[in-house]
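The structure appears right after this line, and notes come after that.
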Protein chains: 2
Amino acid sequence: MSLEPLKERIGAINDLLTTVNLLVWDSRTMMPAGGAAARGRQVATLTRLARDLACDDDMMRRLEVAERDVAVAGVPEIDRAAVRQVRGAVDAHRRIPAELVERRARLQASATQSWIDARARDDFASFEPLLAETIVLARALADALGWSEHPYDALVNLYEPGETLASLRALFGELRPELKRILAGAQARPPARDVLSGDFPPAEQLALSARLAAAIGYDFKHGRIDPTVHPFEISFTRDDVRITTRFKPNHVAQSIFGTLHEAGHGLYEQNVDPSFTRSIFATDLLGLYAVGGTSYGAHESQSRLFENHVGRSAAFWRRRYPDLVTAFPVFASVPLEAFLAAITRVSPGLIRTDADEVTYDFHVMVRVEIEAALLDGSLAARDLPEVWREQVRANLGLEVPNDREGCLQDAHWAAGLVGSFCTYTIGNIMAAQLFETACASSPQIRTALEEGDVGPLSSWLRESVWRHGRRFHRNDLLAQATGSTLKLAPYLRHLSQRYLDPAR
Amino acid sequence: MSLEPLKERIGAINDLLTTVNLLVWDSRTMMPAGGAAARGRQVATLTRLARDLACDDDMMRRLEVAERDVAVAGVPEIDRAAVRQVRGAVDAHRRIPAELVERRARLQASATQSWIDARARDDFASFEPLLAETIVLARALADALGWSEHPYDALVNLYEPGETLASLRALFGELRPELKRILAGAQARPPARDVLSGDFPPAEQLALSARLAAAIGYDFKHGRIDPTVHPFEISFTRDDVRITTRFKPNHVAQSIFGTLHEAGHGLYEQNVDPSFTRSIFATDLLGLYAVGGTSYGAHESQSRLFENHVGRSAAFWRRRYPDLVTAFPVFASVPLEAFLAAITRVSPGLIRTDADEVTYDFHVMVRVEIEAALLDGSLAARDLPEVWREQVRANLGLEVPNDREGCLQDAHWAAGLVGSFCTYTIGNIMAAQLFETACASSPQIRTALEEGDVGPLSSWLRESVWRHGRRFHRNDLLAQATGSTLKLAPYLRHLSQRYLDPAR
């Protein structure tokens, strides 16, 4: 079987990349402070070896043999798809000069450190040259990968294949006025009482988080949860998928919804078809990530589905409220309705990661236009703070008092991620589309949810989304699952129903 | 500088091997049970890549260039030594057929699982075929590496270069009668009262362990301590050196002395010359380990020095006893003398890892003769249980009631380690030789120890042992540090003084 040599190589690359994930997980949860420099070298070496294995002459021979093998009649489509995906990624890699890869990797470390310092001191000027260099290299990457309408298109394709700046602008053109309408309505509601503040010891928050993750089906035999500074989900194959969370000792919502969010990511990874382990369908060979989801947006759709559609629903809390009361008895005297009102409070703010469901996408839209302008040269790095202020004023109606709460708030650009912000909004839209279709497909799903049981919903998601891993393009996956490529209407219906319907 | 390409390659190999260490650490402390199969593949892939990088044509070119470079006059001896060490390891690797490496790696996984099952069921017969195969492959490895007097010599050279079966038999011939004499004297002492049993919650034991590790200088900015089943020390470069411990909830000694033991290993790793990071002096290129110590025995000497010479001394506990009392107030009513008598109790037993200082080496001598006989074919695997019983009777005067407490007690053979047991005794002997020399070299060392301060001792060890990493052969290191290669007398003086001197 002449596919074997290619599969074996992909397996080795996957082993390297899942090991990089362990290096990253450890550095963010366990590593003593003194280990950072050595850790950076380990990640760099393994990533470089993975790229070498993906691009060397031996790989090209294996790929050519595999392509001959799948060209004959009778070969299963899944094997053809695998070889096509490898070819696409390898060709793209070979268009990127090794020197650019090295420069990007080196810059990422110094830019991240500079960003941390700049944010702490609210000193954009010190970060500006590194941001400028980041944009130069991102543009070089886009040029190497190739684009026709806008350099942004080449980069967004790394995270959300199929989207372009034009497609996103069309989507945002529809979304923005609707969101403004829903926001206005939501703000007209009586303000929710602040019942989420109090005294919540981290140990109890962690225990509650674990309980809620298990309640939505996250499997602790193949996972674990730990505290960290910036929560994330990460997998070392589908058999070991870890999540992290963080706590505000004086506010209970962050760990609850952060955990449901990361556990949603985790469900996707834990439920990829076992036969895809170490295959191209569990390896983002182009991005050099080991990951089970087909796009950043698809991944985000699962985290947002469990965080928002399940996790902020009355049905979920009718069943889970006793867990909360057990962990924090103060809630015994808080009516469920007051809690539900508090977790669906809408209020425009400056910080993306603190944003509610209705205002979140404005933060994304601000960033996408800025990324496009930085990439095409119509915006210089030094002018970023001013443009940020203008955009936030236009989108959220807020004044930005400093850059720490403005253009220095996110880690993405310093980490070299330019073109990925849009995937948060794609995730929001896709979550609603999948959730609506799932609920419509079988009354049992909604009935079970009303009883606090996510089982039937999870079965539908496993069958329609999770098991496929990276096998299908996001739009093909959506079309198979919902009968349509990405569409906005279910998301708007969801937001309108939750935030405008006076009955709730 | 034409040494650079070689150094760069050794650095990459070191990055891979330190990452393997993280994979191992995580699997034994953090990994969810479901992650085991994937973890085995990751370790296998990284180890194979490290071996490829150590042996491929590109490496041979880099090595040849380096050899030419260091052959000219004026090159520092340290660079010549580095290149010689690489050459020795690479030549040895290239003598080992890749197929043998693969077979040993595959067998190790199945033999370990078989051993775990066999030990649990006390069923040697089920493990016997895998042991027999392990010995066949160990012998094949010895033959590939080359030997003249006994195949054991080729294998012991992997762990303790310079020792042979003949040198060990000469050493043991001196050691055995002396140990028997000391054992008889120790057993004639009044029996110690059992003051170490009680109720000791693991969380408090862990806190005490961390405190004791810090007391002997283990640096938590570059390390951490976690619970595990079988304690170990492991390093991901000198900047991140982790230790583990375990607890008997009803006995306090295991975590205390286990921790001091592993922290002793950790001190060696944490104090290797910073310039050796990622170099051949921090990489066992032949064994494919990332490790700072020059031999298994040298490493064990540091763990035993802190466990026994420091950790079981009256001086140490005169200062640290309040820590113990704080952790476990029950010791407030236990006189220090009773505690000291209990931690130096001597009693022959069946289990090596539970053995006291005086009887430990008998366990080693049993195993070395058995390993030699298995390797040269004079003992068949099926006859092991019977010969084990005879050897334990002859060495320890005990009857072995079952194989679980007999020939199935150790993980080493199942893990493919044949020829390493002797390094425990080498470590015991070397610890005494170094400790005696250190104390004789400066009265300040002993004075400080009497005040509970290990600082001056550590300074001497850092200067004489730790900082050199793997730069010097064990016997050269010993000769520089103590004026003599390995010698037995200090060890016998130490044991006689502690266990025969009636004053104590």
Length added when fully stretched, A:Glu337-A:Asp323, from 0.36 nm per residue minus Cα-Cα: 3.4 nm
Diffusion constant of the stretch A:228-373 at 20 °C, which comes from Stokes-Einstein with the Kirkwood Cα-pair radius and 1.002 mPa s, µm²/s: 125
Amide N of the stretch A:133-167 lying under 17 Å from the label point, which is placed 7 angstrom from the Cα of A:Arg382 along Cα→Cβ: A:133-136
Hull shadow area, averaged, the stretch A:350-504 [alpha-carbon convex hull, nm²]: 11.6
Of A:Lys221/B:Lys7; A:Lys248/A:Lys487; B:Lys7/B:Lys221; A:Lys7/B:Lys221, those spanning more than 31 Å from alpha-carbon to alpha-carbon: A:Lys221/B:Lys7; A:Lys248/A:Lys487; A:Lys7/B:Lys221
Distance between the stretch B:161-201 and the stretch A:68-125 - C-alpha centres, whole angstrom: 59
Difference of contour (0.36 nm per residue) and Cα-Cα distance, B:Ala36 to B:Arg493: 159.9 nm
Hull shadow area, averaged, the stretch B:123-176 [alpha-carbon convex hull, nm²]: 5.0
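Need one value for A:15-22: mean number of C-beta atoms belonging to other chains within 10 Å of its residues' C-beta atoms.
The shielding value for this peptide is 6.
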Considering only chain B, percent of DSSP beta bridges that pair antiparallel, nearest 5: 70
Teacher prompt: B:Phe220 distances to equivalent labels in other copies, 7 Å Cα→Cβ, nm: 2.6
Taking the C-alpha atoms of the stretch A:355-402, convex hull volume expressed per residue in Å³: 69
Cβ-Cβ FRET estimate between B:Asn250 and B:Glu178, R0 fixed at 30 Å, reported to 0.05: 0.30
Highest average packing first - B:459-470, B:120-131, Cβ atoms within 10 Å: B:459-470, B:120-131
Nonlocal amide H pairs with B:Val291, under 5 Å, H built at 1.01 Å: B:Thr283, B:Asp284
Rounded FRET efficiency, nearest 0.05, which uses the C-beta distance separating B:Asp143 from A:Arg95 and R0 of 45 Å: 0.35
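Could you grab the Rg to Rh ratio for the stretch B:53-107? Cα atoms only, Kirkwood for Rh.
Radius of gyration over Kirkwood radius for the stretch B:53-107 works out to 1.12.
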The protein assembly as shown - Rg over Rh from alpha carbon coordinates, Kirkwood radius: 1.00
Phi-based couplings in Hz for the stretch B:327-336 (Karplus 6.51, -1.76, 1.60; Gly and Pro marked x): 5, 9, x, 4, 6, 4, 9, 9, x, 3
The stretch B:4-95 - convex hull of the alpha-carbon atoms, volume per residue in Å³: 100
Rg [Å, one decimal], Dmax [Å, integer] - the stretch A:106-227, C-alpha atoms: 22.0, 55
Residue-wise HN-Hα coupling along the stretch B:49-59, computed from phi with Karplus coefficients 6.51, -1.76, 1.60 (Hz; x: Gly, Pro): 4, 5, 5, 4, 5, 7, 10, 6, 4, 4, 4
Computed Rg/Rh of chain A, alpha carbon atoms with Kirkwood Rh: 0.95
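Rounded to the nearest angstrom and ordered from largest down, what semi-axes does the equivalent ellipsoid of the stretch A:237-312 get from its C-alpha gyration tensor (root of 5λ)?
Calculated on Cα positions only, the semi-axes equal 26, 12, 11 Å.
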Backbone HN-Hα couplings from phi across the stretch A:242-256 [Karplus 6.51/-1.76/1.60, Hz, Gly and Pro as x]: 10, 10, 9, 8, 9, 10, 9, x, 10, 8, 8, 6, 4, 5, 5
Measure of compaction for the stretch A:457-499 (Cα Rg per 2.2 N^0.38 Å): 1.32
Using a 7 Å Cα-to-Cβ projection, B:Gly287 label spacings across copies, nm, ascending: 4.0
Copies compared at B:His251 - label distances in nm, ascending, label defined 7 Å from Cα in the Cβ direction: 5.1
Rough spin-label spacing in nm, given labels placed 7 Å along Cα→Cβ, for B:Arg84 and B:Asp56: 3.0
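We did not get these values from a lab; they are worked out from the coordinates using the rules stated. Keep in mind that this is a model prediction, so the values were computed, not measured. Positions of Cβ are backbone-derived with ideal geometry, glycine not excepted, and every protein chain shown enters the neighbour counts.
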